[in-house]
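See structure below.
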Amino acid sequence: MTHARLQHQLSAYLDGELTPADADEIRTHLVGCAACRETLSRLQHVKSLLQRLPERPVPEELWATIRPRIGTPATPVPAPLREGVRAVFRRPALALAGAVLIVALVAVPLIRGRIERIRAGEIGADFFVREHALLSSEDPFSDRAYLGLLVGDANLALAGTPREESREER
Amino acid sequence: MSRRGLPTLWLVAALAVPGLGAPARLPIPAVDAVVAAMLGAPALVDYEGTKVLNAVRGDRAETVTALESYKRLGKLRVEYLSPESVSGRLIVDDGASSWQYEPSYHLVIRGPSFVRPPGNAPQARDVLRGSLAAVLGVEEVIGRQTIVVAMEPRAGGASRRYWVDQATGVVLRMEERDATGEVVFTSFFTRISFGLNLPPALFRFHLPAGARIISLFLSGDPVASPQALRRQARFGSVVPASLPYGYRFRDGAISQYGALVTSAATYTDGVRTLTVFQTPSSKMAFPRVGVPVTLESTDAQLLDLGYVRVLIWQWRGITYALVGSSLPGSAFVLLADEINH
C-alpha cells in the first residue's frame, strides 16, 4: 500500500477494524513515517475527547411511547403549528431529539471549521509553492521543466496523494 | 560599498572565471542582443530534447531527467523519466491550461497554463534594469555554439549563468549559485533537436480511460494594484514598507482552496518573482514545515526547496508566507520584519 492509502486506513486501525495483516503493515509503516505518526496521534486525541463526553441515559418512557405505535396506522393530519410545538414539549423523547438536533446544528459547523483549519495547515506550504510556481511562469527565464515538477508535486499533495521519496532520492 | 563600484567589481570577478577567457571563435554579441534573443526564442523555433535538472534541497540533491518538447507559440510537453517517484509523470500544456497525468494513481490534474508568450523589448529592459548582466564568452554545449551570459540580481542573492544557443536563442544550460558561490541549481539539455513544425498531436492531452480527474484552478483574476487586492481580500493585505532593491509590485490575486483563502501579492525585479501570501490565522493552522527562524517580533519557519524558499509566520491574526527564488534567507527575514512593522 502507498503512504496515502495507509494514511486513510489509520482511523480503522485505531478502531481495531483491520485484518491482522493490514494492521501489521500499518505498524511497520508507522515506524518510518513521522507524518502518519502525527495523524495517528491526532486521531487518538479526538477519540479520547469523544470518549470523555458524558453518556445520556434514554428516558424510560421512550420505549413505552414507541411500543404501542408499532403496527398502528400513520398519525393523522398535523395540528396547527402552536399545537404541534406544545405536543413536542409534552413528549420528552421528542424534546430530547430536538435538543440533539440543535446541538448538532451548532457543533457540526464548529467541528468542520476546526478540521478544515487543520487540513489547511497541512497543505498550506504546498499550496503556497504551487501558486508561487505558477506566478513565476511570468519570469522570462524560468525553467519550465522544473516549474512543472514543483507544480506537479504540489498538485499531488493538494489532491491528497503526495509524491513519495524514492530510494534513490534519500 | 557604493552602487557604482559594485558592478565594476562584479564584472572583474566574473571575467576572471577560468576557462571563459579562451578566444572566441565567433564575434561576441552585446548582452542586450543576447537577452533579446533569449526572450524571442519561444517565437522562433520548436524543439524536443532530454533535460537534466539538479536541485539542492536542504542537505540533499535531487536529479530529475525529463523529455521536454516545445512548440510555437506556447505549447509544452514534459515527460519525466527519473527518479522513480516522478517516472511516468506527463505534463501537457497547450498555453491555456495544463494537464498532469500521474500513472501511479491513474490521476489527471488540470490547472492553469504555466507557459507564457515570448518576451518583448520592454521586458528586455526590465531584465537589464533588475540585473547586472554580462557576456562572459563563447562555449560549446552538446556540440552547439553558445554565448555564456551571467546575471546577478541588483538586490543581491543568487546569480545565474545561461548558455544561450547562438543560432536560436534557446537556453541549453543554466546554473544558479547562491551568495557563497555554491551551485544550487542546474538545468541542461543532454540532447536537443530543433524543428520548425513539431506535430500538434504531441501537444494535445489524451485522457487515459478510467482516470480520475481533478480540476485545480485556484486563483481569481489578477488585480493591478495593492489597493485593489486589499479591497478584494477583505481581511486586509499588508504591503511591505520597502522592498528588496529593484523589486516592484506586479499584480495580485485571491486564491482559494477549500476553506483556505489567501491574498497573493506578486513582486518582481524583471527576472524573478517574490510572492507574499496572507491568510487569516483562524482559517489555517500553522504549517509545521522547514526549520525554525527568529524574526524581530515572532518566530517563523523557513522551508528551503533549493530553487524556491518559503518563510511562514503568524502575526496579529494573519498567517504570512513569503515565497521566492534566489533571494537569500536573510533577505526573507528582513522583508518579514518590514511586513510586521
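The values are calculated or read from the model by the stated rules, or taken from the named source; none is laboratory data. Every value quoted in this text rests on a predicted model; they were computed, and no experiment measured them. Cβ coordinates were reconstructed from backbone atoms using ideal geometry, including for glycine residues, and neighbour counts include every protein chain displayed. Side chains are part of the model used for accessible areas, which takes the heavy atoms of the whole protein and leaves out ligands, DNA and RNA. Shrake-Rupley method; radii C 1.70, N 1.55, O 1.52, S 1.80 Å.
Quick grid of which residues meet (1) open to solvent by 60 Å² or more (accessible area, probe 1.4 Å); (2) small (Gly, Ala, Ser); (3) in contact with a Ser or Thr (Cβ under 7 Å, 6 or more places away or on another chain):
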{"site": "B:Asp221", "(1), (2), (3)": "yes, no, no"}
{"site": "B:Ser242", "(1), (2), (3)": "no, yes, no"}
{"site": "B:Pro280", "(1), (2), (3)": "no, no, no"}
{"site": "B:Arg288", "(1), (2), (3)": "yes, no, no"}
{"site": "B:Ser297", "(1), (2), (3)": "no, yes, no"}
Go through the stretch B:40-53 and count every residue that is touching a Phe, Trp or Tyr at 6+ places or on another chain (Cβ under 7 Å) and assigned to a strand (DSSP E or B). 7
Residue tally, condition within 11 Å of chain A (Cβ to nearest Cβ) and out of contact with any Lys or Arg (no Cβ under 7 Å at 6 or more places or on another chain), over the stretch B:49-64: 11
Residue under question is B:Arg161, and the condition is that it be closer than 15 Å to B:Lys51 by Cβ, touching a residue at least 24 places away in the same chain (Cβ under 8 Å), of a type in the set (D, E, K, R) and not in a loop (DSSP other than H, G, I, E, B); does it hold? no
In the stretch A:117-135, the residues that are among the basic types (Lys, Arg) and either open to solvent by 20 Å² or more (accessible area, probe 1.4 Å) or not in a helix (DSSP H, G or I) (or both): A:Arg117, A:Arg119
How many residues does the stretch B:245-267 hold that are surrounded by fewer than 22 Cβ atoms within 10 Å (Cβ to Cβ) and under 20 Å from B:Ala133 (Cα atoms)? 3
Within the stretch B:170-198, can you find the residues that are farther than 29 Å from B:Leu305 by Cβ and either open to solvent by less than 70 Å² (accessible area, probe 1.4 Å) or touching a helix residue (DSSP H, G or I) at 6+ places or on another chain (Cβ under 8 Å) (or both)? B:Ser193, B:Phe194, B:Gly195, B:Leu198
Report whether or not B:Asp46 is in contact with a strand residue (DSSP E or B) (Cβ under 6 Å, 6 or more places away or on another chain), in contact (Cβ under 8 Å) with a residue 12 or more places away in the chain, more than 11 Å from chain A (Cβ to nearest Cβ) and open to solvent by less than 30 Å² (accessible area, probe 1.4 Å). yes
Here the residues within the stretch B:67-86 that are open to solvent by less than 60 Å² (accessible area, probe 1.4 Å), facing another protein chain (nearest Cβ under 9 Å) and in a loop (DSSP other than H, G, I, E, B) are B:Pro83, B:Ser85, B:Val86
Would you check if B:Val108 is in contact with a Leu (Cβ under 7 Å, 6 or more places away or on another chain), more than 24 Å from B:Arg144 (Cβ to Cβ) and part of a strand (DSSP E or B)? yes
Since B:Val289 meets every condition but one in (1) among the β-branched types (Val, Ile, Thr); (2) assigned to a loop (DSSP other than H, G, I, E, B); (3) more than 10 Å from chain A (Cβ to nearest Cβ), which condition does it not meet? (3)
Go through the stretch A:4-22 and count every residue that is within 25 Å of A:Glu122 (Cα to Cα) and assigned to a helix (DSSP H, G or I). 10
So which residues in the stretch B:164-203 are more than 19 Å from the chain's Cα centre (by Cα) and within 13 Å of B:Gly49 (Cβ to Cβ), if there are any at all? B:Asp165, B:Thr168, B:Thr190, B:Arg191, B:Ile192, B:Ser193, B:Phe194, B:Gly195, B:Leu198
